[in-house]
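The next block holds one structure in the form of structure tokens; read it before the comments.
The values are calculated or read from the model by the stated rules, or taken from the named source; none is laboratory data. Bear in mind that the values here come from a model prediction, so they are computed numbers and not experimental data. Quick reminder, even Gly has a Cβ in these numbers, built from the backbone with ideal geometry, and neighbours come from all protein chains shown.
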Amino acid sequence: MATFEWIYLPGPADAPRDCTTFNATATALSIDCEATFDGGSLAWYALMVLHDKGYVVKHNQSVPTFLVTGLQPSKNHTFRVCASNSEYWMNQDCTQPFFGHTAREYGKKRIIRMFLYLLYAIFMALKA
């Protein structure tokens with residue numbers, strides 16, 4: 001009885017799919033994507049963040065799961081993930097842009113700011 005096996009020719013890595021954002025805080029969020037065809041050699045995934053002058057690489061690693069820090073609070077951020085591999089490193093295949101929203105800031109700075117406003121209001125009420 002004959003058995004058949006599929007043989008895939010080596011090539012560039014395919015972009016990951018189904019990227020989702022989760023665990024958003026005021027300045028960070030997590031991104032998880034499903035890896036696809038690696039092209040027959042070690043794949044690398046670059047997470048890119050859209051800034052004023054275009055996309056900037058934030059992380060470059062061997063799995064398409066990222067923790068992004070240093071983001072602005074309460075804002076939509078635009079990302080994309082590009083895949084390449086060690087044999088075809090010049091060929092990158094990228095996801096379509098996707099978005100993640102950071103949470104509102106409730107850290108120490110906001111609490112201090114609210115406390116100073118309260119002190120100012122009390123001072124003005126006592127002064128009058």
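Out of all the residues in the stretch 95-118, is one or more touching a Leu at 6+ places or on another chain (Cβ under 9 Å), closer than 30 Å to ILE7 by Cα and not hydrophobic (A, V, I, L, M, F, W, C)?
No, the stretch 95-118 contains no residue that is touching a Leu at 6+ places or on another chain (Cβ under 9 Å), closer than 30 Å to ILE7 by Cα and not hydrophobic (A, V, I, L, M, F, W, C).
Filter the stretch 69-123 down to the residues that are among the polar types (S, T, N, Q), in a strand (DSSP E or B) and touching a Pro at 6+ places or on another chain (Cβ under 6 Å) and list them by number.
Residues of the stretch 69-123 that are among the polar types (S, T, N, Q), as a first pass: 69, 72, 74, 76, 78, 84-86, 91-92, 95-96, 102.
If we keep only those that are in a strand (DSSP E or B) as well, we get 76, 78, 84-85.
Result: THR78, single match.
Applying the selection to the stretch 78-127, what residues are of a type in the set (Val, Ile, Thr), modelled with pLDDT of 80 or more and more than 29 Å from SER62 (Cβ to Cβ)? First the steps, then the outcome.
First, pick out the residues of the stretch 78-127 that are of a type in the set (Val, Ile, Thr): 78, 81, 95, 102, 111-112, 122.
Still in the running and modelled with pLDDT of 80 or more: 78, 81, 95, 102, 122.
Once the filter is applied, which keeps residues that are of a type in the set (Val, Ile, Thr), modelled with pLDDT of 80 or more and more than 29 Å from SER62 (Cβ to Cβ), the stretch 78-127 yields only ILE122.
Can you name the residue in the stretch 80-98 that is hydrophobic (A, V, I, L, M, F, W, C) and under 20 Å from the mean Cα position of the chain (by Cα) and is also surrounded by the most Cβ atoms within 10 Å (Cβ to Cβ) among such residues? Spell out how you get there, then give the answer.
Of the residues in the stretch 80-98, the ones hydrophobic (A, V, I, L, M, F, W, C) are 81-83, 89-90, 94, 98.
After this cut, where a residue has to be under 20 Å from the mean Cα position of the chain (by Cα) as well, the list is 81-83, 94, 98.
On the way: VAL81: 21, CYS82: 19, ALA83: 25, CYS94: 15, PHE98: 16.
Step by step, filter the stretch 80-98, then rank; the result is ALA83.
Quick one: would you say VAL49 is modelled with pLDDT of 95 or more, hydrophobic (A, V, I, L, M, F, W, C), under 14 Å from the mean Cα position of the chain (by Cα) and farther than 30 Å from TYR106 by Cα?
Details: modelled with pLDDT of 95 or more: yes; hydrophobic (A, V, I, L, M, F, W, C): yes; under 14 Å from the mean Cα position of the chain (by Cα): yes; farther than 30 Å from TYR106 by Cα: no.
It is false that VAL49 is modelled with pLDDT of 95 or more, hydrophobic (A, V, I, L, M, F, W, C), under 14 Å from the mean Cα position of the chain (by Cα) and farther than 30 Å from TYR106 by Cα.
Checking ASP18 against (1) on the phi > 0 side of the Ramachandran plot; (2) surrounded by 15 or more Cβ atoms within 10 Å (Cβ to Cβ), which single condition isn't satisfied?
Result: ASP18 passes all but (2).
Out of the residues in the stretch 29-39 that are buried (at least 16 other Cβ atoms within 10 Å of the Cβ) and among the small types (Gly, Ala, Ser), state the one that is modelled with the lowest pLDDT.
GLY39
Hey, any hits in the stretch 43-64 for a residue that's in a strand (DSSP E or B), in contact (Cβ under 8 Å) with a residue 60 or more places away in the chain and either closer than 19 Å to THR21 by Cβ or touching a strand residue (DSSP E or B) at 6+ places or on another chain (Cβ under 9 Å) (or both)? Can you show your working first?
Here is the first cut: in the stretch 43-64, the ones in a strand (DSSP E or B) are 43-51, 54-61.
Next cut, in contact (Cβ under 8 Å) with a residue 60 or more places away in the chain only: none.
Within the stretch 43-64 (the criterion being in a strand (DSSP E or B), in contact (Cβ under 8 Å) with a residue 60 or more places away in the chain and either closer than 19 Å to THR21 by Cβ or touching a strand residue (DSSP E or B) at 6+ places or on another chain (Cβ under 9 Å) (or both)), the answer is no, since none of the residues qualifies.
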